[in-house]
Structures are given as C-alpha cells and as structure tokens.
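Student: Sharing a structure below in structure tokens format, with a few things to ask.
The values are calculated or read from the model by the stated rules, or taken from the named source; none is laboratory data. If you're wondering where the values come from, they're calculated on a predicted model, not measured in any experiment. As a convention, Cβ positions derive from the backbone with ideal geometry for all residues, glycine included, and neighbour counts pool all protein chains shown. Surface accessibility is based on the protein's heavy atoms, side chains included, excluding ligands, DNA and RNA. Shrake-Rupley method; radii C 1.70, N 1.55, O 1.52, S 1.80 Å.
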Amino acid sequence: MSAKRAPSHSQNNKLAILIAVLAFASVTCFFFAHHLFTARFAPYAQPHPHPADALPKSIPLASDTKYLSYYPHSGLHNQRIALENAIVLAQQLNRTLLVPFLRLGKPIRYVSFEKLGRFLALGSKTGLEHCPLVPAGIPAPDECSGYEEWTSIPWDHLVNLSAMGENMGVKMIQWDGSPIAQYMKKSHINIFEADTLTLQDSGPYDFRFLDTLDDVSPTRDKYLYSIYIQKLAQAPERLLQIGTLFGSSRLRLKQGVSKIVRRDVRSGMAFTNPYLSRVADMIYEALGAVYIGAHLRVGDGQFEQRSTDNARTIWWKLVHLVCGLDLEETLALEQQFSHFDEDLDPPLIQPDLPSLRVPHPPLPPLPRTSKPKIRCRAPLHTSPPLQRLNIPLYIATDSPNPAADLLFSIYLQTFPCIFFLADFSSRLTPLDALINPYDRVPLKGFLMPVLDAMVLARAREVVVTDGSTFGTFVKDVLWRRHWGFEIVQRG
C-alpha cells in the first residue's frame, strides 16, 4: 500500500496570490473609476461666485454702506412687483439693494419669514452642479429629480436694471440666493446678525410702508402694521432684512416725489431682452403689424373658477368695445356662436378707473381690412357688419391647448384670424439655443410667458383678465410703453 501524498504548498500559494491580485485589481478599478467620475465634475463642483454676485471692483462700497434685502417668492410677476417695491424702498432709505435672481418655473410659495428663508436656502441648486452633466440614457441620481423644473437668472437678463439703478440713484447687487452666495454676500459686506434689523412677517400682509408721517393706512385695508419710511431711514443697522414685499399696494405713497420714483421704477421694468425682442418683432410682422390682443387666464385658482365669466366678458369687450359692433349685433352674434342654452343679458363691464385717470391720445382707427402674413384659421366674414371681426386677434393665455379648449370656441368662430403663440413655432427656433449659464438648463420654455406678454403689448388694442398680475402689467406698462404713453400706477 502506497502512502497518501500531502497537498502541494505551491498550489496553495499560487491560489492566495491570485486572490490577492484580483482583490487589488478590484480596489484599484473602483478608486480609478471614482476618480474619473469626480474629476469629470471637478470644474463645476468648486464653489465660485457668479459674475453677477461679485461687487463691482471699479466702485468699491464704503464700509459703512447700508443694505436692504428681501425674500422673493411665487411667480414671475409677483417677484417683479416685490422688486419694484424694493427698489423704491432702497431709494427712499438710501440703501444698497441686494437683488435675488428671478426664479422661473416651479415657484416657491409664500410662507412665514423663517420658513421662507429655509425654503429659499434648501431650494437652491448648490451642490447639484453634476446634474446637467449626466449623459442621456443614464438614470439621473435621486438628488437631481426635478432639476429642470425651474431655473433662476439675473433680473438684468430681462430688464435694463443697470440703467434703472443709475436713473434712480440706487446701487444694486445681484446674487443667486444660494447658501454659498449668501455666505459670500455677507463676507463681502461684512455684516453680522448684531448689525441686522429684521422685519419678520408671519403673514403675507403684515407690513405696509408709508411715506407720510401724518398718514394712516385705512383699517379696511388688508395690511396689519404701518411702517413709516422716514423713521425706518433712521435705523442704524447696516442690513435691513425684510420678508415678502409682494403687493401693488404694499407702499402707500402720498408725496409727489415718491410717486414719480415708483412710476419710473415700474416703467423701467419693461422687458428688454434682445433675443425675445427680435422674436416678438417677427411675430408682430407676421400678424400684419396691425392686430388686437387679449389675455385670458384660466388655469389656476380663482381664474379657473371664474374662467367662463372672464372669457365671456373679454369676448364682449373685444366685439363691442374694440371692434365696434353695437349692442344688438353683439347679442345676436353671441346667441349664434355661444354654447350657452339660454339667452343672456350683456355682462356688466366695469370702467377701469386707474386707466381713465391717465388718459392717452387716441390711436388710429382699426383698418377695415388687414392682411396677416400667415394663413387665417377660417374664411373671412363677408357680411359688412362683421368684416370688422376679420382683424387679426392675438390671444395670450395659460391654457395648454386653447385651440381645443371649449372656452375659446366662441373666439374661434368669431375671429377667423385668431392666433396663439403656438402658431408661430417656426419663429421660436432662435430661442432653442438659450441655455442658462448658471445651471445649464434650457431657457426657452421658461421664457414663453415673457414672450407672450411682449407680443400682446404690441397690439393696437388690448383687453386683459381682471385681477391678473400678468394682464395688468401688459396693459398698464408694456402696452403703454410700446405706444409711448404714460404708464398707469395702481396701489
């Protein structure tokens, strides 16, 4: 019987070496892949100030400069109204204004001061610089969810903020509102909590600012507390931090000089973006350069609830007041085209008193015939009384598909040359190239409401939805600026 052979030590050693090599290779590959992944984002992941965040080096601010800051919220025009109020206050208080970027897309709703401050900080894109770099076809990390639902841009991308500041004598610093930018902001101006005066609101209408010491805010108004600007101007703190400044009546101004400042600030908020202006001019020419316009807001809140009444009132204003059909003709046309089962009395059309207080020279009468450069939707009216309805009508709306929306059915039947922004898709292609340099998000979709307003403002006559900040801005500012008239002040 032969003896059993012992296992080879050589084979065991080789197996151990192989396992060690494989383990080393795996660890090396992991760290190498990790390095490639992180290095790929390195140029974008380092915190650095945006050009608009830095203080201008050519005009160093004194160490005793006083500042005003506020918290933005809600949609574009709510943010615009807050900025208007902030600029007026900064001018009255002789403070440098810290201007947060304009947020477009998914808004941050109003909440109380402390919560709003946290929402703004947590809602920034700091630390998400890698999100737009994820290749197509690869699932985005969880933290990138909703990254392209909103974006933020400096206000001077839409309006001439620099010229306004020079005209008003107000210095402004734009910053993106992120925690890093906030840290840099405070580092630049070297302000600490002990040198900050905070007006901390718990509701959207806590504070109202008055420019006359013997004036009193009426008790029927919605604001709870009155703050006198002259007294606030004496505050020694270098930073005045306010929460919300939204509200057209937030500033109760009685002095003529103050009203002139507010007028000039509101007038200066007209959109001046050159890319949007060129596209708006192209659409203006395509419409034949003579058209009427309407704004119909139907998509949210009270405007959705009142959409039927608002749509009817605006239709009546267009047909009866703008195009000049008499009462009987307008009623007969409504009965012919309306989907209502019963006959209705004419709607009650209230006069717009603020507009009537700022009269403007009469515009040339609408032409009997007009020739848009694009095809009308339906055959033109041939009956002489209805030929006035052949004028092109441009409608700005938040309805996602107005051509298929029942609310717009009577408009489509009444005006054969009715157009919406979507009808000019070929003329919108120059906007495809607009990318926000701050977060690399395409801007085109976010800028459509701005373009809608600019096209509407070029119309010969405009009718807007009552109570809408969009419509009010078009009618009071953009339309009047386009025609060279004095703007309307409300509040």
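Student: Compute, for LEU122, the solvent-accessible surface of its heavy atoms (probe 1.4 Å) with the complete set of protein chains present, and express it in square angstrom to the nearest 10.
Tutor: 150
Student: With axes computed from alpha carbons, what is the tilt in degrees of helix 179-189 against the longest principal axis of the chain, rounded to the nearest 10 within 0 to 90?
Tutor: 80
Student: Separate question: Using Cα pairs closer than 8 Å and at least 6 residues apart in sequence, work out the relative contact order for the stretch 254-392, in percent.
Tutor: Reported as a whole number, the value is 32 percent.
Student: Related question: GluC sites (Glu not before Pro), restricted to the stretch 309-351: which are DSSP loop and have at most 11 other Cβ atoms within 10 Å?
Tutor: GLU342
Student: Label points 7 Å out from Cα along the Cβ direction at GLN335 and SER112: separation in nm?
Tutor: 5.8
Student: Could you work out the local net charge near SER162, counting Lys and Arg as +1, Asp and Glu as -1, over the other residues with Cβ closer than 13 Å to its Cβ?
Tutor: Every neighbour counted, the sum reads -1.
Student: So which trypsin sites (Lys or Arg not before Pro) in the stretch 342-431 are both in a DSSP loop and have at most 11 other Cβ atoms within 10 Å of their Cβ?
Tutor: Answer by residue number: ARG357, ARG368, LYS373, ARG375.
Student: Give me the one-decimal Kirkwood hydrodynamic radius in Å for the stretch 357-491, with the sum taken over alpha-carbon pairs.
Tutor: So the Kirkwood estimate lands at 17.0 Å.
Student: Now a separate question. Among (1) 24.9, 73; (2) 24.2, 80; (3) 29.6, 126, which one is Rg and Dmax of the Cα atoms in Å computed from these coordinates?
Tutor: Derived directly from the coordinates: (3).
Student: Expressed as a whole percentage, what fraction of the accessible surface of the stretch 232-319 belongs to carbon and sulfur atoms when a 1.4 Å probe is rolled over the protein heavy atoms?
Tutor: Within the stretch 232-319, the accessible surface is 47 percent carbon and sulfur.
Student: Assign unit charges at the C-beta atoms only (+1 for Lys and Arg, -1 for Asp and Glu), then state the dipole size of the chain relative to its Cα centre in Debye, rounded to the nearest 20.
Tutor: For the chain, the charge dipole is close to 1460 debye.
Student: I've got another one for you. With a/c under 1.5 counting as rounded, go ahead and sort the stretch 134-270 into rounded, prolate or oblate using the C-alpha gyration tensor (a ≥ b ≥ c being the square roots of the eigenvalues; past the cut-off, prolate if a/b is larger than b/c, else oblate).
Tutor: It is prolate, given that a/c is not under 1.5 and a/b is the larger ratio.
Student: Among VAL279, ILE227, TYR205, whose Cα sits farthest toward the positive end of the charge dipole of the chain (+1 at Cβ of Lys/Arg, -1 at Cβ of Asp/Glu, about the Cα centre)?
Tutor: Sorting the options by dipole projection puts first VAL279.
Student: A further question follows. Test of understanding: what is the full-extension gain from PHE192 to GLU328, defined as 0.36 nm times their sequence separation minus their Cα-Cα distance?
Tutor: Length difference between fully extended and current span is 42.1 nm.
Student: OK, next. Antiparallel versus total DSSP beta bridges in the chain: what percent is that, nearest 5?
Tutor: The answer is about 15 percent antiparallel.
Student: Taking the simple approach of a point 7 Å from Cα along Cα-to-Cβ for both LEU133 and ASP343, what is their distance in nm?
Tutor: My value for the distance between the label points is 7.2 nm.
Student: Enter the angle in degrees (range 0 to 90, nearest 10) between the Cα long axis of helix 444-457 and the first principal axis of the Cα atoms of the chain, meaning the one along which they spread out most.
Tutor: Orientation of helix 444-457: about 10 degrees from the principal axis.
Student: Let me check against my output: what whole-number percent is the relative contact order of the stretch 97-209, with C-alpha pairs under 8 Å and at least 6 apart?
Tutor: Reported as a whole number, the value is 45 percent.
Student: Follow-up question, since we're still on this one. Helix 307-316: angle to the longest alpha-carbon principal axis of the chain, degrees 0 to 90, nearest 10?
Tutor: Orientation of helix 307-316: about 40 degrees from the principal axis.
Student: Follow-up question, since we're still on this one. Grab the other residues whose beta carbon is less than 14 angstrom from that of THR330, score K and R as +1, D and E as -1, and report the net.
Tutor: Around THR330, the surrounding residues sum to -3.
Student: Now a separate question. What relative contact order, as a whole-number percentage, does the chain give when Cα pairs under 8 Å and 6 or more residues apart are counted?
Tutor: Relative contact order comes out at 17 percent.
Student: Once the piece of chain linking ALA404 and ASP466 is laid out straight, how much longer is it, given 0.36 nm per residue of separation minus the C-alpha distance between them?
Tutor: Result: 20.0 nm gained on full extension.
Student: Could you work out the local net charge near PRO367, counting Lys and Arg as +1, Asp and Glu as -1, over the other residues with Cβ closer than 14 Å to its Cβ?
Tutor: Around PRO367, the charge tally is +3.
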